[in-house]
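The values are calculated or read from the model by the stated rules, or taken from the named source; none is laboratory data. Source: prediction; values computed, not measured. Heads up, the Cβs are rebuilt from the backbone with ideal geometry, glycines too, and the neighbour counts pull from every protein chain shown. For accessibility, only protein heavy atoms count, side chains too; no ligands or nucleic acids. Shrake-Rupley method; radii C 1.70, N 1.55, O 1.52, S 1.80 Å.
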Amino acid sequence: MYYEIATLTLPFGTAAQAAQQVHAFASAPGAGGELLACWTSDIGVLNQMIVLRGFEDRSALDAARQRTLASPSPFGCGEHYLRLELASYRAFDWMQPVRPSAESGIAGPVYEIRTYGIQPGGVSKTSELWAEYLPAREKLSPCVIAMVALDGAPRFTNIWAYPSLDARSKARADAVAQGIWPPKGGPAWLTTEMVSTIALPTAVSPLK
């Protein structure tokens, strides 16, 4: 599976209207792909709307990107957003496709979106280590997706779901205490470029 994360930086107070416009843009005939999540940032860089879409193949992702770039109002928010960033991803081969909460049972309402830079040669090794260690880690909290960027600096993004911020803190502490996370040897393949955002679902988000 292939994915796109679109990040729209919005003026204060426009998130509710923007979410409706994002939903209309991503659901329109010919839009391609599937809207999987529409979050707003709560901790990290504020006033951001983060849109996750899924695609069956790279050509579908590329076609959606061209549609966005050609639109006079990308995501229906041309009159709102102050900045638009688009990033394309391929999921680790062993990851299950992202599905809406109603199908997958994965639900927040707190989502953590973490991005790590990857050292040269580290993509395949990181994927192998995550495949080995993630089953034990997911007993504490579900990983929505882990995926490698197809553009920009070498990096991968992983998204986690938690019922609350307290549950997030406990799961992360327990994973370290139990020695099941991070994957042993995994941090050696990462750079110091690391970003984390806590995001909450909007009313239109299929991941709740």
Considering the range 92-107, residues that are buried (at least 16 other Cβ atoms within 10 Å of the Cβ) and polar (S, T, N, Q), and then whichever is farthest from Thr202 (Cα to Cα), we arrive at Ser104
Restricting attention to the range 122-163, report how many residues are of a type outside the set (Ser, Thr, Tyr), in contact (Cβ under 8 Å) with a residue 24 or more places away in the chain, closer than 16 Å to Trp189 by Cα and open to solvent by 30 Å² or more (accessible area, probe 1.4 Å).
7
May I ask you to list pairs of residues, at least six apart or on different chains, whose Cβ atoms are under 7 Å apart, with the first in the range 67-91 being at positive phi and the second being modelled with pLDDT of 95 or more and not polar (S, T, N, Q)?
Phe75/Ala6; Phe75/Leu8; Phe75/Val22; Phe75/Phe25; Phe75/Val51; Gly76/Val22; Gly76/Ala24; Gly76/Phe25
Residue that is most open to solvent (accessible area, probe 1.4 Å) [pool: residues in the range 69-91 that are touching a strand residue (DSSP E or B) at 6+ places or on another chain (Cβ under 9 Å) and among the hydroxyl-bearing types (Ser, Thr, Tyr)]:
Tyr81
Taking the range 31-47 and keeping residues in contact (Cβ under 8 Å) with a residue 40 or more places away in the chain, open to solvent by less than 30 Å² (accessible area, probe 1.4 Å) and in contact with a helix residue (DSSP H, G or I) (Cβ under 9 Å, 6 or more places away or on another chain) leaves Leu35, Cys38
For the structure I just gave you, tell me whether Gly105 is touching a helix residue (DSSP H, G or I) at 6+ places or on another chain (Cβ under 7 Å) and without any contact (Cβ under 8 Å) to a residue 60 or more places away in the chain.
no
